[in-house]
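Visitor: Below are the structure tokens for one structure; questions will follow.
The values are calculated or read from the model by the stated rules, or taken from the named source; none is laboratory data. Keep in mind the model is a prediction, meaning the values are calculated, not measured. Every residue, glycine among them, receives a Cβ derived from its backbone with ideal geometry; neighbour counts consider all protein chains shown. Each accessible area value is taken on the protein alone, full model and side chains, heavy atoms only, with ligands, DNA and RNA left out. Shrake-Rupley method; radii C 1.70, N 1.55, O 1.52, S 1.80 Å.
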Amino acid sequence: MGDGVDRVALFATCLVDLYRPSVGLASAELLEQAGYRVEVPEGQTCCGQPAWNSGDTRRAKTLARQTMAALEGYGYVVVPSGSCAGTLIHDYPQLFAEDPEDLGAAEDLASRTWELTRFLVEVAGITGLDANFRHKVCYHDACSGLRGLGIKHQPRQLLGSVDGLELQELPNTEICCGFGGTFCVKYPEISTRLMDDKLDAIRSTGADTVLAGELGCLLHIAGRLKRNDEPIRAYHIAEILADMGDQPAIGEGDD
Amino acid sequence: MQSTAREFPLRARRALDDVQLREALAKAQDGFVGKRQTSIDAFPEFEALRDRGKAIKDHTLAYLDVYLEQFEKAVIAAGGQVHWAESAEDAQRIVTGICQQAGARRVTKAKTMAGEEVSLNEVLETAGFDTVETDLGEYIIQLAKEPPSHIIAPAVHKTRQQISDLFNTHHHGGRLKTALREVPELVDEARQRLREKFLTADVGITGANFLVAETGSIALVTNEGNADLTHTLPRVHVAIAGIEKLVPTLDDAACMLRLLARSATGQDTSTYTTFVTGPKRTGDPDGPESFHVVLLDNGRSRMLGNRYREMLRCIRCGACMNHCPVYGAIGGHAYGWVYPGPMGSVLTPLFTGLDDSRDLPNACTLNGRCQSVCPVQIPLPDLLRDLRRQQFERGLTARRTRWVLAVWGAIARRPRLYHLFTRLGMGLLGRLGKRTGAFRRLPFASAWTASRDMPAPQGSTFQQLWKQRQRDAR
Amino acid sequence: MMNSTRERILAKVRRGLEASGQRSIAMAHAARELAYGEMPSPRQPWKGNATERFCQRFEAWAGTWQRLSRVGEIPMAVQALLGPEDFVSVAPHSLLRELDWPSQMAVNHEAPADCRLAVSVADAAIAETGTLVLCSGPQSPTGLALLPETHVVILRTETILPDMEAVWRHLQPEPPFPPRSLNTISGPSRTADVEQTIQLGAHGPRRLHVLLLGEHIGEMSAGGI
């Protein structure tokens with residue numbers, strides 16, 4: 001690998017930055033294990049997805065320009081979230097479709113951006129992992145990764161390399177968990193109904209742990225599980241792949 | 001139909017509490033999704049078929065003026081008449097006029113969404129015509145005095161118990177003793193009731209699944225055969241259709257029918273697919289004496305000039321709502337107008353105004369499943385997002401949302417401020433939530449915490465920990 | 001009034017499309033060729049001969065069929081399907097008029113509303129989907145396909161074509177095409193409007209039976225009965 005190409009910018013996403021930094025650390029760990037030099041550009045904050053999805057194009061553009069500038073020059077940009085990666089890959093070029101001065105940079109960034117599990121499988125080509133997690137788990141396919149980026153077999157392939165991990169497929173895995181960004185607070189009752197259907201599916205697998213590659217969905221799942229006082233735990237897939245499954249799960253305290 | 005989309009939040013909550021509705025929807029959605037999947041698994045080139053469907057509709061729309069005129073000419077050559085309706089009122093006046101001129105008393109109708117769009121039933125009933133819906137689902141909801149809740153299965157929200165009760169009230173004056181009746185019995189009773197209506201109707205009104213420009217034909221798709229009885233037995237046949245229903249040729253119709261049947265009901269064809277061209281000919285033993293097509297604009301031509309032209313590809317198959325989690329949770333009535341689900345959430349604001357349907361573009365998780373099953377690849381989530389943009393620009397976005405976006409935007413666009421705020425904020429929340437791991441209640445987050453705990457952050461931001469890690473490594 | 005509405009709608013359409021002035025059908029057709037017209041539509045792949053495919057799909061729609069070796073067998077086959085009180089409506093088709101209908105059978109060449117059994121002749125069939133094609137015309141009242149409890153359709157195997165497009169090629173040369181009503185029918189009438197449960201005999205026939213005439217039927221002699 002030549003210089004520049006083996007330099008990977010980790011775009012952690014604001015949700016990981018704020019809520020679950022261990023996902024960022026786990027991602028960096030995995031990328032380093034695969035032989036890349038990981039950098040975390042300081043100018044990164046939020047990719048602007050909430051503004052874009054709320055129709056606030058002006059603010060979305062401001063944050064997109066900032067993100068594009070922060071991530072300039074890296075051979076690869078890796079994101080531990082399908083929806084934020086999707087924003088960089090699909091939405092930025094749409095956002096700047098009529099701004100020729102930014103469109104080039106947006107398309108360039110789009111071509112360099114990868115969701116974490118897809119990058120690990122398709123670019124890094126990693127085959128083995130030094131991780132073990134002796135649990136029965138199910139994997140929740142977050143919609144934006146599944147349909148927007150074709151992420152389906154990659155996380156499953158990676159989980160196959162985790163020692164002791166038993167993967168149970170979720171029924172109706174194509175169905176949304178009801179998070180949907182601002183949707184979950186705009187229509188909480190509908191959102192919760194969808195989550196309860198998802199929890200039925202999760203319970204039906206008999207898994208004690210639910211994994212996903214999307215922190216938004218995970219906060220939603222963990223939040224509802226916790227409200228119900230259910231023992232099922234939730235982790236980001238990167239944490240398990242990086243052998244960090246012994247730390248408290250999402251929403252789990254010291255008690 | 002008058003839109004009640006303004007009441008979406010209230011109606012959605014009510015729907016969530018309706019146990020019978022939940023039961024009916026769960027059953028229907030599983031059925032539709034499974035049957036469609038089975039039919040597509042048996043059709044290896046389905047993606048190529050979708051590509052072609054999109055290409056056919058895109059091309060037709062790009063030459064819509066040409067095909068409209070070609071269609072009109074062909075209908076006239078076959079002895080039919082073409083009427084142009086710019087608005088719902090135009091369509092109402094035209095259809096009422098045809099019925100009056102025919103001296104009609106009874107009018108039978110086969111399911112038409114364009115007809116629902118212009119409130120044909122109400123208008124014809126007010127004008128004194130005995131108006132009877134003949135699609136079993138439409139008949140059921142006509143008895144219940146409700147609008148359709150699904151564009152393919154209008155009575156999908158009704159359970160067998162509710163249908164038994166409706167038939168008891170309307171067919172037996174409430175005298176029947178058996179409360180819950182079997183499906184064959186119910187279908188048979190409707191068959192007998194409606195057969196008499198078919199035989200005594202003066203005018204038959206249908207929609208059109210496609211309009212074929214080269215021949216002036218209308219394509220009608222049903223499983224019951226009710227559209228065929230509706231256009232064959234009465235003296236007059238009126239078909240009402242949106243101007244976007246055109247396809248250039250019969251071959252194109254054949255392709256679109258492959259897509260429609262699979263996407264709508266998972267069949268490889270519907271039981272009855274009929275091409276009607278003009279009225280009864282010399283020597284024909286049956287058929288209507290006159291044939292009218294009402295071409296409805298009602299805002300469609302306006303959509304041609306902007307990105308909503310893509311929405312005009314819609315062939316009304318219902319796949320988007322069958323695969324929509326929100327529709328599956330609340331059913332069709334909460335959407336408040338003729339078209340529910342994802343396609344309705346785009347069409348209702350365009351047809352009835354963004355102001356009166358503020359919730360619809362937002363009541364979507366942008367999960368994208370609708371787009372992935374749409375037979376003509378309409379980017380429904382993108383169109384919904386674009387409606388949100390229009391709302392934002394016109395100040396129709398909820399004040400709370402605007403306020404949150406403004407605060408978040410102000411912080412996120414200044415990385416140093418962002419790092420400072422997030423470090424302090426997460427530090428505090430992390431300490432507060434360290435023991436329990438999650439919050440039962442949080443100020444400003446009641447919409448979340450009403451039904452979910454808010455997981456506590458780990459306490460440091462990733463950027464903090466990363467810098468720490470870099471320092472430690474040195 | 002009506003004409004001005006027409007002009008207004010067409011003007012709005014042209015404005016939306018940014019199309020200046022009249023464009024010809026030839027222009028549209030050329031664009032169609034370029035966009036997709038040269039390629040055929042993808043269709044359901046199937047193996048074997050058209051008749052076998054038709055019979056197999058037709059059975060899947062709950063249709064029934066039997067093979068006849070000559071036209072003269074039609075009346076007997078029809079009689080076997082009749083109930084004791086039933087009378088028969090027979091399409092005024094040259095093929096059927098020439099037949100020797102038994103005198104004890106009440107044969108009618110109209111399409112009365114209460115007929116229990118009707119006989120028509122199909123103009124073609126589609127192997128891809130197991131679909132009968134009936135064109136309305138002096139020899140073929142549409143009502144016969146809709147009103148009876150049982151609809152019997154005579155189908156010549158040489159008119160079973162691969163797909164709908166082939167049916168257009170087959171019928172088009174013979175005006176008046178298209179007829180007033182071109183009905184394509186796949187099995188008896190059905191509905192799923194009560195709890196998504198499929199129920200036959202919604203408005204149209206409860207039973208659809210095909211009498212197959214001609215070669216290429218192979219080993220099979222009846223199906224779906």
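Visitor: Would you say A:Glu239 is within 24 Å of A:Ser22 (Cα to Cα), assigned to a loop (DSSP other than H, G, I, E, B), more than 8 Å from every other protein chain (Cβ to nearest Cβ) and of a type outside the set (A, V, I, L, M, F, W, C)?
Guide: On the way: within 24 Å of A:Ser22 (Cα to Cα): yes; assigned to a loop (DSSP other than H, G, I, E, B): no; more than 8 Å from every other protein chain (Cβ to nearest Cβ): yes; of a type outside the set (A, V, I, L, M, F, W, C): yes.
No, not satisfied.
Visitor: Would you pick out the residues in region C:27-52 that are open to solvent by 60 Å² or more (accessible area, probe 1.4 Å), part of a helix (DSSP H, G or I), of a type outside the set (A, V, I, L, M, F, W, C) and farther than 13 Å from C:Pro162 by Cβ?
Guide: Correct list: C:His29, C:Glu33.
Visitor: Let me ask something else. Could you list all residues from region B:38-51 that are under 22 Å from the mean Cα position of the chain (by Cα) and open to solvent by 40 Å² or more (accessible area, probe 1.4 Å)?
Guide: If the condition is that a residue be under 22 Å from the mean Cα position of the chain (by Cα) and open to solvent by 40 Å² or more (accessible area, probe 1.4 Å), then B:Asp51 is the only one that fits.
Visitor: Counting just the residues of region B:418-457 that are in a strand (DSSP E or B) and open to solvent by less than 20 Å² (accessible area, probe 1.4 Å), which one comes out farthest from A:Cys46 (Cα to Cα)? Break it down into steps so the answer makes sense when it comes.
Guide: Looking only at region B:418-457, we keep the residues that are in a strand (DSSP E or B), and these are B:438-439, B:454-455.
Filter once more, keeping what is open to solvent by less than 20 Å² (accessible area, probe 1.4 Å): B:438, B:455.
Details: B:Ala438: 23, B:Pro455: 20 Å.
Result: B:Ala438.
Visitor: I need the full set of residues from region C:94-112 which are open to solvent by 40 Å² or more (accessible area, probe 1.4 Å) and either in a loop (DSSP other than H, G, I, E, B) or not basic (Lys, Arg) (or both), in order please.
Guide: As a first pass, look at region C:94-112 and keep what is open to solvent by 40 Å² or more (accessible area, probe 1.4 Å): C:94, C:97-98, C:100-101, C:103-104, C:106-110.
Listed by number, the residues that qualify are C:Ser94, C:Glu98, C:Asp100, C:Trp101, C:Ser103, C:Gln104, C:Ala106, C:Val107, C:Asn108, C:His109, C:Glu110.
Visitor: Also, quick follow-up: List every residue pair whose Cβ atoms sit under 9 Å apart, with the two residues 6 or more apart in sequence or on different chains, where the first one lies in region A:182-193 and is touching a residue at least 24 places away in the same chain (Cβ under 8 Å) and the second, anywhere, is of a type in the set (S, T, N, Q) and in a helix (DSSP H, G or I).
Guide: A:Thr182/A:Asn53; A:Thr182/B:Thr401; A:Cys184/A:Ser191; A:Cys184/A:Thr192
Visitor: For region B:47-55, state whether one or more residues are out of contact with any Ser or Thr (no Cβ under 7 Å at 6 or more places or on another chain), modelled with pLDDT of 95 or more and outside any helix (DSSP H, G or I).
Guide: No, region B:47-55 has no match at all.
Visitor: Kindly evaluate B:Gly299 against the criterion of being facing another protein chain (nearest Cβ under 7 Å) and small (Gly, Ala, Ser). First the steps, then the outcome.
Guide: Working: facing another protein chain (nearest Cβ under 7 Å): no; small (Gly, Ala, Ser): yes.
When the stated conditions are applied, B:Gly299 does not pass them.
Visitor: Which ones in region B:274-301 are of a type in the set (Gly, Ala, Ser), closer than 17 Å to B:Ile76 by Cβ and in contact with a Pro (Cβ under 8 Å, 6 or more places away or on another chain)?
Guide: B:Ser290
Visitor: Continuing with the same structure: Quick check on region C:185-194. Is at least one of its residues surrounded by fewer than 22 Cβ atoms within 10 Å (Cβ to Cβ) and either modelled with pLDDT under 95 or more than 8 Å from every other protein chain (Cβ to nearest Cβ) (or both)?
Guide: Start the filter on region C:185-194 by keeping residues that are surrounded by fewer than 22 Cβ atoms within 10 Å (Cβ to Cβ), which leaves none.
No, every residue in region C:185-194 fails to be surrounded by fewer than 22 Cβ atoms within 10 Å (Cβ to Cβ) and either modelled with pLDDT under 95 or more than 8 Å from every other protein chain (Cβ to nearest Cβ) (or both).
Visitor: Filter region C:113-149 for residues that are touching a helix residue (DSSP H, G or I) at 6+ places or on another chain (Cβ under 9 Å), closer than 19 Å to C:Leu95 by Cα and part of a loop (DSSP other than H, G, I, E, B) and give the result.
Guide: Passing the criteria: C:Ala122, C:Asp123, C:Ser136, C:Gln139, C:Pro141.
Visitor: Moving on to the next point. From the list C:Arg156, C:Arg97, which residue is among the basic types (Lys, Arg), free of Cβ contacts under 8 Å to residues at least 60 places away in the same chain and in contact with a Gly (Cβ under 9 Å, 6 or more places away or on another chain)? Full working, then the answer.
Guide: Values: C:Arg97 fails: in contact with a Gly (Cβ under 9 Å, 6 or more places away or on another chain).
Matching residue, one of C:Arg156, C:Arg97: C:Arg156.
To keep it simple, each residue is scored yes or no on (1) in a loop (DSSP other than H, G, I, E, B); (2) closer than 22 Å to A:Pro21 by Cβ.
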| residue | (1), (2) |
| --- | --- |
| A:Leu146 | no, no |
| A:Glu174 | yes, no |
| A:Phe179 | yes, yes |
| A:Leu199 | no, no |
| A:His220 | no, yes |
| A:Glu230 | yes, no |
| A:Glu252 | yes, yes |
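Visitor: Just to check your reading of the model, which residue among B:Lys73, B:Lys35, B:Lys54, B:Lys27 is open to solvent by 30 Å² or more (accessible area, probe 1.4 Å), touching a residue at least 60 places away in the same chain (Cβ under 8 Å) and not assigned by TED's automatic domain parsing to the domain that holds B:Leu260? Spell out how you get there, then give the answer.
Guide: Values: B:Lys73 fails: not assigned by TED's automatic domain parsing to the domain that holds B:Leu260; B:Lys54 fails: not assigned by TED's automatic domain parsing to the domain that holds B:Leu260; B:Lys27 fails: touching a residue at least 60 places away in the same chain (Cβ under 8 Å).
After ruling out the rest, the residue left standing is B:Lys35.
Visitor: Is there a residue being surrounded by fewer than 19 Cβ atoms within 10 Å (Cβ to Cβ), within 32 Å of the chain's Cα centre (by Cα) and not acidic (Asp, Glu) anywhere in region C:14-21? Steps first, please.
Guide: Going residue by residue through region C:14-21, those that are surrounded by fewer than 19 Cβ atoms within 10 Å (Cβ to Cβ) are C:15, C:18-21.
Add one more test, that the residue is within 32 Å of the chain's Cα centre (by Cα), and what stays is none.
Among the residues of region C:14-21, not one is surrounded by fewer than 19 Cβ atoms within 10 Å (Cβ to Cβ), within 32 Å of the chain's Cα centre (by Cα) and not acidic (Asp, Glu), which makes the answer no.
Visitor: Would you mention how many residues in region B:234-264 are under 26 Å from B:Gln192 (Cβ atoms), buried (at least 24 other Cβ atoms within 10 Å of the Cβ) and touching a residue at least 60 places away in the same chain (Cβ under 8 Å)?
Guide: Looking only at that region, the number is 2.
Visitor: Out of B:Thr108, B:Thr96, which single residue is farther than 18 Å from B:Thr134 by Cα and at pLDDT 95 or above? Lay out the reasoning, then the answer.
Guide: Numbers: B:Thr108 fails: farther than 18 Å from B:Thr134 by Cα.
Just one listed residue meets the conditions, B:Thr96.
Visitor: Continuing with the same structure: Can you tell me which of (1) touching a Lys or Arg at 6+ places or on another chain (Cβ under 7 Å); (2) within 14 Å of chain C (Cβ to nearest Cβ); (3) of a type outside the set (A, V, I, L, M, F, W, C) is the one B:Thr274 doesn't meet?
Guide: (1)
Visitor: Another question, then. Kindly indicate the residue of region C:150-174 that is β-branched (Val, Ile, Thr) and in a helix (DSSP H, G or I) and also most open to solvent (accessible area, probe 1.4 Å) among those meeting that condition.
Guide: At the first step, the residues of region C:150-174 found to be β-branched (Val, Ile, Thr) are C:150, C:152-154, C:157, C:159-160, C:167.
Okay, now just the ones that are also in a helix (DSSP H, G or I), so C:157, C:159, C:167.
Working: C:Thr157: 6, C:Thr159: 22, C:Val167: 2 Å².
Only one residue fits best here, namely C:Thr159.
Visitor: Of the residues B:Leu405, B:Leu396, B:Leu387, B:Leu383, only one is open to solvent by less than 70 Å² (accessible area, probe 1.4 Å), of a type in the set (A, V, I, L, M) and at the interface with chain A (Cβ under 7 Å from one of its Cβ atoms); which? Step through it out loud before you land on a result.
Guide: Working: B:Leu396 fails: at the interface with chain A (Cβ under 7 Å from one of its Cβ atoms); B:Leu387 fails: at the interface with chain A (Cβ under 7 Å from one of its Cβ atoms); B:Leu383 fails: at the interface with chain A (Cβ under 7 Å from one of its Cβ atoms).
After ruling out the rest, the residue left standing is B:Leu405.
Visitor: Next question. Of the residues in region B:348-359, how many are within 15 Å of the chain's Cα centre (by Cα) and either over 13 Å from B:Val338 (Cα atoms) or open to solvent by 30 Å² or more (accessible area, probe 1.4 Å) (or both)?
Guide: 3
Visitor: Here's a follow-up. All but one of (1) in contact with a strand residue (DSSP E or B) (Cβ under 8 Å, 6 or more places away or on another chain); (2) open to solvent by 10 Å² or more (accessible area, probe 1.4 Å) hold for B:Leu68; state the number of the condition that does not hold.
Guide: Failed condition: (2).
Visitor: Go through region B:194-220 and give me each residue that's at the interface with chain C (Cβ under 10 Å from one of its Cβ atoms), closer than 20 Å to C:Ile185 by Cβ and in contact (Cβ under 8 Å) with a residue 40 or more places away in the chain.
Guide: B:Leu194, B:Phe198, B:Val212, B:Thr215, B:Ser217, B:Ala219, B:Leu220
Visitor: If a residue must be more than 28 Å from C:Asn183 (Cα to Cα) and surrounded by fewer than 24 Cβ atoms within 10 Å (Cβ to Cβ), how many such residues does region B:298-327 contain?
Guide: Residues of region B:298-327 more than 28 Å from C:Asn183 (Cα to Cα): B:298-311, B:320-327.
Cutting the leftovers down to surrounded by fewer than 24 Cβ atoms within 10 Å (Cβ to Cβ) gives us B:298-299, B:302-311.
Here the count works out to 12.
Visitor: Here is a check on your reading of the model: is A:Lys198 out of contact with any Asp or Glu (no Cβ under 7 Å at 6 or more places or on another chain), within 11 Å of chain B (Cβ to nearest Cβ), over 16 Å from A:Ser83 (Cβ atoms) and open to solvent by less than 40 Å² (accessible area, probe 1.4 Å)?
Guide: yes
Visitor: Out of all the residues in region A:23-61, which are at the interface with chain B (Cβ under 7 Å from one of its Cβ atoms), more than 19 Å from A:Thr113 (Cβ to Cβ) and open to solvent by 10 Å² or more (accessible area, probe 1.4 Å)?
Guide: Within region A:23-61, A:Leu25, A:Thr57, A:Arg59 meet the criteria.
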